[in-house]
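Structure record follows, encoded as structure tokens.
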Amino acid sequence: GVKTMKLPLGIELCDKKAEKDYNIIDILYVGSLSRHKGVHVLINAFKELKQENRILHIVGKGKDEDRFTKMAGSDQRIIFHGFVPDKELMQLYQKANVTVVPSIWYDNSPMVIYESLMNGTPVIGSRIGGILGLIEDGYNGFLFEAGNVDELKKILETLIGDPPELKRLEEGAFESVKKYNMDEHLRKLEKLYTEYTKGNND
């Protein structure tokens, strides 16, 4: 059979962190709109936030989309963007105050987390799967129990009311992603590749 190997994805880093605005708090979800991704958990938690100056941006398509739009109902603060081109997605990451990865079962979707951190956007993620190794509680984001609407709501509420804390997490986010930068990545790849080809020529 074919040997495969998994690597954290290399990422080109921006030199400086995007400047964010705290008058309107932008919360971002990027991924497929299917139940195992926990989008309903995020929508339910978000709807509990009373203030007007919060916006939930949901990027992606998927089989449970109708269900989620129904859940969002008449809440004007929830915007479904569908698929967006890369350039527009990067702008959303830059603008976002926080990205939420609310999966309810094992998820190894680090790309969203990397792209978020790279833009200095802290991540709130479920305490499961590949998410665990990338988010450090209180440093570059927060972890919550998968599926726990109440815990997610509390974290969002606390952060939204505390721009200095958001700023501190942004710094942590930006710092934490440096270890995934391209040079490092290429070195790892090279090392793996040499080991791999050696192993194959026995």
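The values are calculated or read from the model by the stated rules, or taken from the named source; none is laboratory data. Keep in mind it's a predicted model, so treat the numbers as computed, not measured. Every residue, glycine among them, receives a Cβ derived from its backbone with ideal geometry; neighbour counts consider all protein chains shown. When the accessible area is computed, the model is the full protein with side chains, heavy atoms only, and any ligands, DNA or RNA have been set aside. Shrake-Rupley method; radii C 1.70, N 1.55, O 1.52, S 1.80 Å.
The relative contact order of the chain, computed from alpha carbon pairs under 8 Å that lie at least 6 residues apart in sequence, is 24 percent. Taking the chain as a Gaussian network of alpha-carbon nodes connected by springs under 10 Å, the highest mean-square fluctuation of the residues G141, G125, G133 belongs to G133.
Run the accessible area of the stretch 42-95 with a 1.4 Å probe and give the carbon-and-sulfur part as a rounded percent. Looking at the stretch 42-95 in its full context, I get 51 percent from C and S.
Pairs K20/K87; K70/K167; K50/K95; K61/K87; K95/K154; K20/K50: which are spaced more than 28 Å apart, C-alpha to C-alpha? Beyond 28 Å: K70/K167.
Per residue, the accessible area of the stretch 82-202 comes to 50 Å², computed with a 1.4 Å probe over protein heavy atoms only. Ranking P85, A45, G125 by how far each Cα lies toward the positive end of the dipole of the chain (charges on Cβ) leaves P85 at the top. Computed over the Cα atoms of the stretch 128-175, the ratio of the radius of gyration to the Kirkwood radius (Rg/Rh) comes to 0.98.
Per residue of the chain, the DSSP helices (runs of n ≥ 4 H) give a summed -39500 (n - 2.57) that works out to -12500 deg cm²/dmol at 222 nm.
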